Amino acid sequence: MSFLKRLYFFLFGLSIGIIILIFITNKKDTRFNYLPNKRVLNDIHKKTWVFKDSTDLITKVSFLEKFNVNFSKSNVKLDSCKVYFVESDNKNFEIKNCLNEAYFKKIN
């Protein structure tokens, strides 16, 4: 079998595998979070949100898209609930990330 035939078979199988993988990941709502910022935001996104200031509610979609974690201000070495400072253009929050809940506190 020549090299070109083997290459065609390989590319054909690879394309079918990629198409199947795309269908599986779309149905499961899978997110690929490789960076630390996205991992922390996704972990907070999954939990129950509790707001101390009820006037400053945010949506979960805008939380994933617009906010960034400031790790230099955050305290992640705590055992019980880690404290993260999350910032966007106009809103800053201190988030206490516990086991089942995330407590939001607005920072001026």
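The values are calculated or read from the model by the stated rules, or taken from the named source; none is laboratory data. No experiment lies behind these values; they were computed from the predicted model shown. Methodologically, a virtual Cβ is constructed for each residue, glycine included, from the backbone with ideal geometry; neighbour enumeration extends over all protein chains shown.
Summary of computed values
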{"item": "Given (1) surrounded by 10 or more Cβ atoms within 10 Å (Cβ to Cβ); (2) under 30 Å from N70 (Cα atoms), number of the condition F12 does not satisfy", "result": "(2)"}
{"item": "Qualifying residue in the range 70-79 (condition: of a type in the set (D, E, K, R) and modelled with pLDDT under 90)", "result": "yes"}
{"item": "Only listed residue being surrounded by 10 or more Cβ atoms within 10 Å (Cβ to Cβ), out of contact with any strand residue (DSSP E or B) (no Cβ under 9 Å at 6 or more places or on another chain), without any contact (Cβ under 8 Å) to a residue 40 or more places away in the chain and among the polar types (S, T, N, Q), chosen from N26, N37, N33", "result": "N33"}
{"item": "Qualifying positions in the range 1-27 - touching a helix residue (DSSP H, G or I) at 6+ places or on another chain (Cβ under 9 Å) and not aliphatic (A, V, I, L, M)", "result": "none"}
{"item": "Considering residues of the range 66-82 that are part of a strand (DSSP E or B) and among the polar types (S, T, N, Q) only, the residue surrounded by the most Cβ atoms within 10 Å (Cβ to Cβ)", "result": "S74"}
{"item": "Conditions (1) surrounded by 13 or more Cβ atoms within 10 Å (Cβ to Cβ); (2) in a helix (DSSP H, G or I); (3) among the hydrophobic types (A, V, I, L, M, F, W, C); number of the one not met by F85", "result": "(2)"}
{"item": "When residues of the range 6-32 are limited to those that are in a helix (DSSP H, G or I) and among the hydroxyl-bearing types (S, T, Y), the one nearest to D43 (Cα to Cα)", "result": "T25"}
{"item": "Total residues in the range 51-65, condition surrounded by 14 or more Cβ atoms within 10 Å (Cβ to Cβ) and either modelled with pLDDT of 90 or more or more than 19 Å from L35 (Cα to Cα) (or both)", "result": "2"}
{"item": "Qualifying residues in the range 40-58 (those that are touching a residue at least 40 places away in the same chain (Cβ under 8 Å) and assigned to a helix (DSSP H, G or I)) - the one nearest to F104 (Cα to Cα)", "result": "I44"}
